[in-house]
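Comments concern the structure below.
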Amino acid sequence: MAMINRRARHDYQILETYEAGIMLLGPEVKSIRAGQANLAEAHCIIRSEKVLLIGCHISPYKPAAMNNPVDPTRSRQLLLNKREVNNLIGKLKTKGLTLVPLKMYFNERGFAKLQIGLAQGKKNYDKRQDLKERDIKRDLQRQYKK
């Protein structure tokens with residue numbers, strides 16, 4: 001089951017996407033599998049050549065929470081190649097670009113992955129234009145069904 005950050009595509013124009021692994025603790029993996037993660041307020045930063053996921057809320061897994069409690073909004077390191085990190089550092093120096101988490105999922109091997117996007121913020125008129133286009137497409141689909 002994938003957690004999708006719908007707000008990211010509404011607020012940002014995604015220029016490139018990257019797939020990153022996430023350094024998680026055991027109970028956090030079980031919580032994500034149970035669908036207990038929230039990417040709505042999350043963002044990514046680069047600090048000392050490490051990419052960090054900040055503000056992602058992963059609820060504590062109930063059976064394990066009593067023995068070793070974990071902060072649900074702690075920062076988690078993302079695993080990328082050094083070449084990709086250096087590429088991101090160079091691109092983030094451009095004014096107006098940021099890293100946003102788009103989707104958290106498990107790949108075919110069972111590893112937790114996070115799709116992050118190099119994004120540029122949208123203006124309000126861009127958002128309105130996207131909503132208008134989506135409404136037009138929805139109306140066309142309704143007419144074709146009839």
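What follows is calculated from the coordinates using simple rules that are stated; it is not laboratory data. These numbers were taken from a predicted model, which means no experiment stands behind them. When we count neighbours, we look across all protein chains shown, and the Cβ atoms used for this are built from the backbone with ideal geometry, even at glycine.
Structure notes:
- Potential extension, Asn124-Thr98 segment - 0.36 nm per residue separation minus Cα distance: 7.6 nm
- Pairs of C-alpha atoms in the stretch 3-145 farther apart than 24 Å represent 41 percent of all such pairs.
- Prolate/oblate/rounded call for the stretch 8-51, Cα gyration tensor, a/c under 1.5 rounded: oblate
- Were the residues from Lys50 through Gln141 laid out at 0.36 nm apart, the gain over their Cα-Cα distance would be 28.3 nm.
- In the chain, a dipole from Cβ-located charges (positive for Lys and Arg, negative for Asp and Glu) runs towards its positive end, and of Ile136, Tyr105, Gly121 it is Ile136 whose Cα lies farthest in that direction.
- Value of [θ]222 nm, deg cm²/dmol, for the chain, DSSP H segments ≥ 4, -39500 (n - 2.57) each, nearest 500: -10500 deg cm²/dmol
- Modelled FRET efficiency - R0 30 Å, His57 with Ile89, Cβ distances, 0.05 increments: 0.65
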